[in-house]
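Taking it in order: structure first as structure tokens, then the write-up.
The values are calculated or read from the model by the stated rules, or taken from the named source; none is laboratory data. Nothing here was measured: the structure is a model prediction, and the numbers come from that model. Positions of Cβ are backbone-derived with ideal geometry, glycine not excepted, and every protein chain shown enters the neighbour counts.
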Amino acid sequence: MSKKPEKETFVTEITPRSQDFSRWYLDVVRRAELADYSPVKGFMVIRPYGYAIWELIQKALDTRIKATGHVNAYFPLFIPESLLNKEAEHVEGFAPQVAYVTHGGGEELEEKLVVRPTSEAIIGTMYAKWVQSWRDLPILINQWANVVRWEKVTRPFLRTTEFLWQEGHTAHETEAEAEDETLKILHLYKDVLETEMAVPVVEGRKSDSEKFAGALRTYSIEALMGDGRALQAGTSHNLGQNFAKVFDIKFQARDKSVQYVHGTSWGVSTRMIGGVIMTHGDEGGLILPPRIAPYQVVIVPISRGNWKETVLPKAQAIRDDLTARGVRVMLDDRDTQTPGWKYNEWELRGVPLRLEIGPKDIEKSQVVLARRDTREKSFVPMEGLTAKVEEMLGTIQTALYDRAIQYRAEHTTEADTYAEFREIMDGRPGFVISPWCGSAKCEADIKAETQATIRNIPFTSKPATGKKCLKCDAPATTHAWFAKSY
Ligand SMILES: [Zn+2]
């Protein structure tokens with residue numbers, strides 16, 4: 001075998017994506033310095049670069065959450081066990097994953113405390129105190145928090161025992177209002193995923209067996225990852241009056257009758273970062289959509305001759321111009337590394353645009369711009385550079401979204417028979433749209449035999465009139481989207 005070119009020896013630190021997607025993912029997380037393993041198994045440390053992505057996502061979400069009339073608050077990390085136990089379905093759903101605190105202040109506690117796996121129980125308890133009249137409604141509260149769900153198998157961002165998220169909890173006068181709220185938030189999540197993260201998602205309703213423990217209806221957004229597996233990127237639940245009855249959240253209605261509120265809850269988490277990695281990344285590592293990239297542009301000065309006197313001041317001036325326009329810039333002026341090493345490093349870490357500038361470029365009053373997504377390089381005149389950079393960042397953001405849409409289209413198949421369905425799931429997976437009778441047994445059998453689950457039933461799903469269920473031959477009631485999932 002011939003000697004590998006220099007370029008390739010740089011990237012051997014990452015397992016080829018085409019060879020082992022799962023290994024590739026872990027390598028990217030580690031080498032891009034997004035997260036690291038903690039001394040406690042199943043927990044991750046989010047490193048500054050990864051946390052900066054989270055902060056950008058948070059900001060985009062928080063702005064939208066507030067713009068739709070919600071406010072932020074904070075509830076305690078610990079929940080008395082008896083509160084969690086109040087709602088039977090809810091406790092059953094979470095019991096295997098709950099972590100307990102049994103001692104505090106050197107003494108055994110009278111009542112065990114639960115580390116919140118989600119906050120319906122404690123928030124519902126507080127709402128019961130705060131709501132008396134229809135005038136107190138709606139309550140539209142969001143919380144940014146960490147939660148703990150004990151996991152046997154973990155993977156950074158995708159599934160960790162502790163994770164960061166936002167959880168919204170609202171209370172309304174009527175079921176229609178609660179349903180509106182549930183869907184409004186689902187659409188808000190779709191907008192954030194698609195506009196900010198360039199991750200296309202399918203909105204739809206979860207089947208009963210996949211819905212949130214204790215909810216009336218659960219809706220989700222589902223994205224398709226680069227290995228053909230789906231990722232549930234967010235959920236929004238219409239809780240009906242179920243939690244209100246358990247936690248006694250009552251109010252005097254406009255007609256003076258006493259009624260229970262209608263609740264919703266909804267959340268998205270750090271898991272979305274895993275979704276970004278697996279949607280856009282390539283053999284060279286991470287690719288970040290500009291809108292959530294901690295550095296949108298990396299400037300690499302070509303360190304030749306007296307570059308610190310000639311090239312560096314120009315590079316600094318460009319950085320200052322871009323920064324003044326709100327572009328997030330990293331000027332990599334380290335003299336301990338070669339430009340080639342820096343190119344590779346920032347490609348691996350997913351910076352959308354690289355700006356190269358050397359003595360010859362200064363003579364010609366130009367720079368080189370290299371796109372991370374397509375690896376295209378172009379010479380760009382110094383004059384009007386800032387506007388050109390902004391334009392290219394917009395182009396990259398759109399191109400990533402379009403590429404993901406195209407990938408999803410190529411990996412979405414319709415299958416009316418179980419034989420076809422199985423063949424697809426065994427071969428090149430993705431979404432498979434199939435007619436389904438609505439029975440939980442068929443759903444469970446399909447899962448057991450193929451590992452594929454119903455991701456959701458999209459709002460735009462075609463009617464299944466005249467079709468038979470893919471599993472049992474009974475008349476189908478709907479088309480469901482199936483996939484193997486994370
Ligand atoms: Zn069936």
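Every residue, every condition in (1) under 26 Å from the mean Cα position of the chain (by Cα); (2) within 15 Å of the ligand (Cβ to nearest atom); (3) modelled with pLDDT under 95, yes or no:
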{"site": "M425", "(1), (2), (3)": "yes, no, yes"}
{"site": "C437", "(1), (2), (3)": "no, yes, no"}
{"site": "A440", "(1), (2), (3)": "no, yes, no"}
{"site": "A444", "(1), (2), (3)": "no, yes, no"}
{"site": "E449", "(1), (2), (3)": "no, yes, no"}
{"site": "I454", "(1), (2), (3)": "yes, yes, no"}
{"site": "I457", "(1), (2), (3)": "yes, yes, no"}
{"site": "S461", "(1), (2), (3)": "yes, no, yes"}
{"site": "C469", "(1), (2), (3)": "no, yes, no"}
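Could you say whether any residue in the stretch 143-153 is of a type outside the set (S, T, N, Q), within 24 Å of Y260 (Cβ to Cβ) and touching a residue at least 12 places away in the same chain (Cβ under 8 Å)?
no
Given the criterion assigned to a loop (DSSP other than H, G, I, E, B) and either touching a residue at least 40 places away in the same chain (Cβ under 8 Å) or closer than 30 Å to T15 by Cα (or both), identify the matching residue among A233, A213.
Result: A213 is the single residue among A233, A213 that is assigned to a loop (DSSP other than H, G, I, E, B) and either touching a residue at least 40 places away in the same chain (Cβ under 8 Å) or closer than 30 Å to T15 by Cα (or both).
Looking at the stretch 51-95, which of the residues that are basic (K, R) and in a helix (DSSP H, G or I) is surrounded by the most Cβ atoms within 10 Å (Cβ to Cβ)?
Here the residue is R64.
Identify the residue in the stretch 168-193 that is in a helix (DSSP H, G or I) and among the hydroxyl-bearing types (S, T, Y) and, among all such residues, is surrounded by the most Cβ atoms within 10 Å (Cβ to Cβ). Working first, answer last.
Initial filter on the stretch 168-193 (in a helix (DSSP H, G or I)): 175-193.
Add one more test, that the residue is among the hydroxyl-bearing types (S, T, Y), and what stays is 182, 189.
Details: T182: 27, Y189: 25.
The selected residue is T182.
Of the residues Y401, Y343, Y407, only one is under 30 Å from K468 (Cα atoms) and among the hydroxyl-bearing types (S, T, Y); which?
Matching residue, one of Y401, Y343, Y407: Y407.
Name every residue in the stretch 402-423 that is in contact with a helix residue (DSSP H, G or I) (Cβ under 7 Å, 6 or more places away or on another chain), in a helix (DSSP H, G or I) and either away from the ligand (no atom under 16 Å from the Cβ) or farther than 24 Å from S209 by Cα (or both), in order of residue number.
Hit for the stretch 402-423 is A404, nothing else.
Here is a check on your reading of the model: is I433 free of Cβ contacts under 8 Å to residues at least 24 places away in the same chain, under 30 Å from D282 (Cα atoms) and either within 16 Å of the ligand (Cβ to nearest atom) or surrounded by 18 or more Cβ atoms within 10 Å (Cβ to Cβ) (or both)? Spell out how you get there, then give the answer.
Details: free of Cβ contacts under 8 Å to residues at least 24 places away in the same chain: no; under 30 Å from D282 (Cα atoms): yes; either within 16 Å of the ligand (Cβ to nearest atom) or surrounded by 18 or more Cβ atoms within 10 Å (Cβ to Cβ) (or both): yes.
No; evaluated as a whole, the condition is false for this residue.
Anything in the stretch 96-110 that is of a type in the set (S, T, N, Q) and crowded, with 17+ Cβ neighbours inside 10 Å? List them, or say none. Before you say what the answer is, go through the steps one by one.
Narrowing the stretch 96-110 to residues of a type in the set (S, T, N, Q): 97, 102.
Scanning the stretch 96-110 gives no hits.
Output yes when any residue across the stretch 284-295 is over 14 Å from V367 (Cα atoms) and free of Cβ contacts under 8 Å to residues at least 60 places away in the same chain, and no when none is.
Yes: one or more hits.
Would you please name the residue that is farthest from F163 (Cα to Cα), looking only at residues in the stretch 238-282 that are in contact with an Asp or Glu (Cβ under 6 Å, 6 or more places away or on another chain) and at pLDDT below 95?
V246
Can you pull out every residue in the stretch 28-45 that is of a type outside the set (G, A, S), closer than 19 Å to H280 by Cβ and either buried (at least 17 other Cβ atoms within 10 Å of the Cβ) or at pLDDT below 95 (or both)?
The answer is V28, V29, L34.
Pick from A171, A215, A176: which is at pLDDT below 95 and more than 13 Å from the chain's Cα centre (by Cα)?
That would be A215, the only listed residue that is at pLDDT below 95 and more than 13 Å from the chain's Cα centre (by Cα).
Between a first residue in the stretch 462-484 that is among the basic types (K, R) and a second residue that is assigned to a strand (DSSP E or B) and within 15 Å of the ligand (Cβ to nearest atom), which pairs have beta carbons less than 7 Å apart while being 6 or more apart in sequence or on different chains?
If the second residue must be assigned to a strand (DSSP E or B) and within 15 Å of the ligand (Cβ to nearest atom), the pairs left are K462/H479; K467/P435; K468/P435; K468/P475.
Look through G350, G326 and report the one residue that is on the phi > 0 side of the Ramachandran plot, surrounded by 16 or more Cβ atoms within 10 Å (Cβ to Cβ) and not charged (D, E, K, R).
Answer to the selection: G350.
So how many residues does the stretch 449-471 have that are among the polar types (S, T, N, Q) and not in a loop (DSSP other than H, G, I, E, B)?
Number of matching residues: 3.
So, S207, is that one polar (S, T, N, Q) and in contact with an Asp or Glu (Cβ under 8 Å, 6 or more places away or on another chain) or not?
It is true that S207 is polar (S, T, N, Q) and in contact with an Asp or Glu (Cβ under 8 Å, 6 or more places away or on another chain).
Specify the residue that is nearest to the ligand (Cβ to nearest atom); the eligible residues are those in the stretch 471-486 that are in contact with a Gly (Cβ under 8 Å, 6 or more places away or on another chain) and more than 15 Å from S439 (Cβ to Cβ).
Of everything passing the filter in the stretch 471-486, W481 is nearest to the ligand (Cβ to nearest atom).
Cβ contacts < 9 Å: first residue under 30 Å from I292 (Cα atoms), restricted to the stretch 353-377; second residue polar (S, T, N, Q) and crowded, with 21+ Cβ neighbours inside 10 Å, any location; separation 6+ or different chain. Result?
Listed by first residue and then by second, the contacts come to L353/Q296.
Taking the stretch 380-389 as the region of interest, how many residues are of a type outside the set (S, T, Y) and either loosely packed, with under 11 Cβ neighbours inside 10 Å or in a helix (DSSP H, G or I) (or both)?
6
Which of (1) surrounded by 13 or more Cβ atoms within 10 Å (Cβ to Cβ); (2) touching a residue at least 12 places away in the same chain (Cβ under 8 Å); (3) part of a strand (DSSP E or B) does Y127 not meet, given it meets every other one?
The number of the failed condition is (3).
In the list V258, V300, V276, which residue meets the criterion of being out of contact with any His (no Cβ under 9 Å at 6 or more places or on another chain), surrounded by fewer than 20 Cβ atoms within 10 Å (Cβ to Cβ) and either among the β-branched types (V, I, T) or at positive phi (or both)?
Of V258, V300, V276, the one residue that is out of contact with any His (no Cβ under 9 Å at 6 or more places or on another chain), surrounded by fewer than 20 Cβ atoms within 10 Å (Cβ to Cβ) and either among the β-branched types (V, I, T) or at positive phi (or both) is V258.
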